[in-house]
Structures are given as structure tokens and as C-alpha cells.
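One structure is given below, encoded as C-alpha cells.
The values are calculated or read from the model by the stated rules, or taken from the named source; none is laboratory data. Treat the numbers as computed from the prediction; the structure is a model and nothing was measured. Ideal geometry is used to build each Cβ from the backbone, glycine not excepted, and the neighbour counts take in all protein chains shown. Protein only, heavy atoms only, side chains kept; ligands, DNA and RNA dropped before computing areas. Shrake-Rupley method; radii C 1.70, N 1.55, O 1.52, S 1.80 Å.
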Amino acid sequence: MRILGLMTGTSVDSADFALVDFSREGDVLRARIESSGEHPWPEALRGRVLEAVTSASVPSLAELTLLDVHVGEFLADVVTRVLDDARDLGDDTPLDLVVSPGQTLFHNVEGGRTLATLAIGDASRIHAATGIAALSTVRSADIARGGTGAPLAPLLDQLLLGPEGGCAVNIGGIANATLCTPAAVGPAAPPLVRAGDTGPGNGLIDAAAALRTGTACDTDGARAAAGRVDDTLLSALLADPYFALPFPKSTGREYFSPAWLAARAHEAGIDLDALSTENLLATLTELTARTLADALKAEVGHEPRTRLHVTGGGAHNPTLMTRIKALLPACTVTTGPLGGLDPDIKEAFLMALIGYYSAHGLPGALIDATGAKEPAVLGQLTPPHALRTVPISTTTPRQLLVEDSRD
């Protein structure tokens, strides 16, 4: 199957895509990456989405319904441009499926338990523009079975880490970790998987940088490196009950927002405006590193000694990476490709992989990682009669081989 995976992410900066050709030989799933890239949001639409995600006021129903349509049209345009670029290179091979999780506006969580999630981006617009089947709403089936619905990356992480296990961390707007421990029953058994969102990733850092400096982020962590951690503020932030919850757990930017930061500081009698930009960014960077390290220590019950592979925007922040290494000295911390997969396209590739699993009737979320009562095939298909010729599989792949054919 040729599947196009899309991912917009919590930063709402672009729509990433990965076009992947999947084939299977027994327990081995082969994935050949044909193309990848990103398309920026139209600035006006991005502003409306960010307003809906971060505003203290609730968007009107009229605005939400229009956003659903306009985001769907933007994603349909991305698919059209990807296909046009392929044709310009002489590739007219049909595309079997587009996987578009849409743009998450709200992930409703109480006490670490996911009650509901809302993602916009009408998948019917993709099918109407291209005639290609689209899989969307990929988290809801797991949530309906009592799962957290996020993170979904463990499906991919456990295949990339392999039977020897390790830990895969992605630091986007929110940070998440997948901890894979080799099973005691033998090398042929799949690893034991635990996973969850550890807390803020780049989201609070980026928001503070935008407010204080007008830039999208603290480039290279330079301002944080020049600052000093405010221990009083850090303690107030770390006291949030979410951080004490065990895996699996899930959260989002709607919880760890600038409003959350302001409220925690106010409760502790801290005037955020009195903090220098450098000290505030240093404190928020330390929060991301500390909550990640604390979550891993709590899961294993001691100082973890494992491979720790970091992807996402946070992997490009030297100040943040230095703190993670210092807090987890027994871990071998790496960035860059894992299992042959370019980390910059990991989430878009994950969506394509979920599409392959769903098309073949295979569960796309690991219940040990999400806490669901039973496995679920993920997503809703538009149109619902598509892909009926794809054979249902009875076993999940045990190995993933990634080939990158991009120039």
C-alpha cells in the first residue's frame, strides 16, 4: 500500500507529510519512504486555530464548524500538492490512503484520564478534492475503550527500538516517552511497553519566548542558557498533581498553557513580570527536563540505565538536551535517526503506519501504553466503503525495516 501520512502537531506551524510504500513479508513490515516535507499553514488560518487552542474564551459554534471545513480544505490542498509534485517527477502510481488526524483543539483530561478529544479538519474535503480514501479521528476508538488516546507513538517506538528495548522520547509542544523493557520470557517475545505524556515540552517555552521577545522559540536555548532557574517558581510548577500520576497518562497544551503557568505562579505569590526573560526561560526549560527525568525514574523505580532516544523540536535545543543528560547520567542519550527513520518525519510516518494497520484490521494503539480495556482498530474511513479489498491480517508485524528513497 502507498499511504500518505499527515501531521500538523501542537505547534500549528506546518503540515508535515510522509509518503510511504508498505509491503509485508511474514513478520517483517517494509516501509519505503518516497517523499516527505512540510507545507506552512496560511497565516490567517493559523491565527484562528491558535486562538481556538489557546484563548481563554470558547470559540462560537459557527467558528468551530467553519474551522473544521477550512482546516480540511487546507489539508486537502496539501495532499493535492504532494500528488502534483510526484507527477512532476513522473510518478503516477496511485495513492491508496491518506491518514489525516486533523488538528487537535482540545484534549479533555481529568486526573490523567482522557474523557474526550476534539480534532478538526473535515476528511471529506480530502476525498472530495482527490478521490482518495482518508482515515481520520484516530484517537477516539482507544478513548472509547478507556484509553488515553495519546501518545500513539509507542506503536512505532517499540518496532524501532527492537527486542533489546530502550526509551523513545518526543519533545513537541508536549513531551512524551515510550519505555520498552525486554520481556523476561525470552528474546522472541515483544518488549513490555509503558508510555505517557510526561508534561510540557516546548509549548510553554515557545509561548514565553513569543510573549517576551516576539520570536517563535528560544533559538538553541540561548536565552535559557544565559538565565538562572528560579527554584521557587519551579517548585510551584512541579507541585501540580499531574506529575505524580503513573503511566499511562495523557495531557495537552490546553492544560499546560500560559494560563496554567500564571495560575501556579499566582498561588505561590510569584510575580512572573518581575522575572527576567532569561530566568523565566531557564525555569521552563528545567521544568521540561525535570518532569521527563522524574517520570522515567518513577516508572522503573530507580535511576534508569537505558538508551534514551530523543526526537522532536526539543532535540534541537542544546540547553534542554544538556539538562536531560545531566538529570539522567546513567542513560545513553542520542538524537538523529532511529532504525533508519528520519526523526523530522517521525509523526507523519507514524500516521502512515497507523493507516496500514487500520486498513488491515490491526489495532493501532498498544493497550499497555494507553490503558485501554481492549485493543482497537483506529480511525474513521471516508468514504466508509473504501479499502474493502485489503485483506484482514491476523498477526501484527514483529519487525519494521525502513528504507529512505528520498534524494
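For the options Thr251, Thr370, Thr215, a Gaussian network treatment of the chain with springs between C-alpha atoms closer than 10 Å singles out Thr215 as fluctuating the most. The simple Förster model, with R0 at 60 Å and r as the Cβ-Cβ distance, assigns Asp91 and Asp271 a FRET efficiency of 0.55.
Seen from Ala116, the other residues with C-beta closer than 15 Å to its C-beta sum to a net charge of 0, counting Lys and Arg as +1 and Asp and Glu as -1.
As a length-normalised measure over Cα pairs under 8 Å and 6 or more apart, the relative contact order of the chain settles at 23 percent. Fraction of C-alpha pairs exceeding 20 angstrom in segment 1-138: 50 percent, rounded to a whole number. Here segment 129-277 is treated as a Stokes sphere of Kirkwood radius computed over C-alpha pairs; at 10 °C and 1.306 mPa s its diffusion coefficient rounds to 88 µm²/s. Based on DSSP H segments of at least four residues, each scored -39500 (n - 2.57), the chain has a per-residue ellipticity at 222 nm of -11000 deg cm²/dmol. When the square roots of the Cα gyration tensor eigenvalues are ordered a ≥ b ≥ c, the ratio a/c for segment 318-388 is 1.5 or more and a/b exceeds b/c, which makes its shape prolate. Shown in residue order for segment 220-229 are the 3J(HN,Hα) couplings computed by the Karplus curve 6.51 cos²θ - 1.76 cosθ + 1.60 at θ = phi - 60°: 6, x, 5, 5, 4, 5, 7, x, 10, 5 Hz (x for Gly and Pro). Looking at the chain, the DSSP beta bridges with both ends there are about 70 percent antiparallel. Over all other residues within a Cβ to Cβ distance under 14 Å of Ala359, the charged ones net out to +1, with Lys and Arg as +1 and Asp and Glu as -1. Which shape class, rounded, prolate or oblate, goes with segment 342-383 when its Cα gyration tensor gives a ≥ b ≥ c as root eigenvalues, a/c under 1.5 marks rounded, and past that a/b bigger than b/c marks prolate? It comes out oblate by the Cα gyration axes.
More than 30 Å apart: what percent of Cα pairs in the chain qualify? Taking all Cα-Cα pairs of the chain, the fraction more than 30 Å apart is 39 percent.
Considering segment 265-390, its Cα convex hull presents a mean projected area of 12.4 nm².
Under 5 Å from the amide H of Phe106 lie the amide H atoms of Leu118, each residue being 5 or more positions distant or on a separate chain, with H modelled from the backbone and absent for Pro and chain starts. With only Cα atoms counted, segment 73-180 has Rg and Dmax values of 17.0, 52 Å. Paramagnetic label reach from Ala222 (point 7 Å along Cα→Cβ; backbone nitrogen cut-off under 20 Å): within segment 284-326, residues 284-286, 313-323.
Protein heavy-atom surface of the chain, 1.4 angstrom probe: 53% of the accessible area is carbon and sulfur, with nucleic acids and ligands not counted.
Among Gly340, Gly312, Gly203, the largest mean-square fluctuation in a Gaussian network model of the chain (Cα springs under 10 Å) belongs to Gly340. Comparing Ala116, Ala226, Ala168 in a Gaussian network model of the chain, where Cα atoms under 10 Å apart are tied by springs, the biggest mean-square fluctuation is seen for Ala226. Under 5 Å between amide hydrogens, built in the peptide plane, is the criterion, and for Ser35 it picks out Leu19 among residues at least 5 positions away or on other chains.
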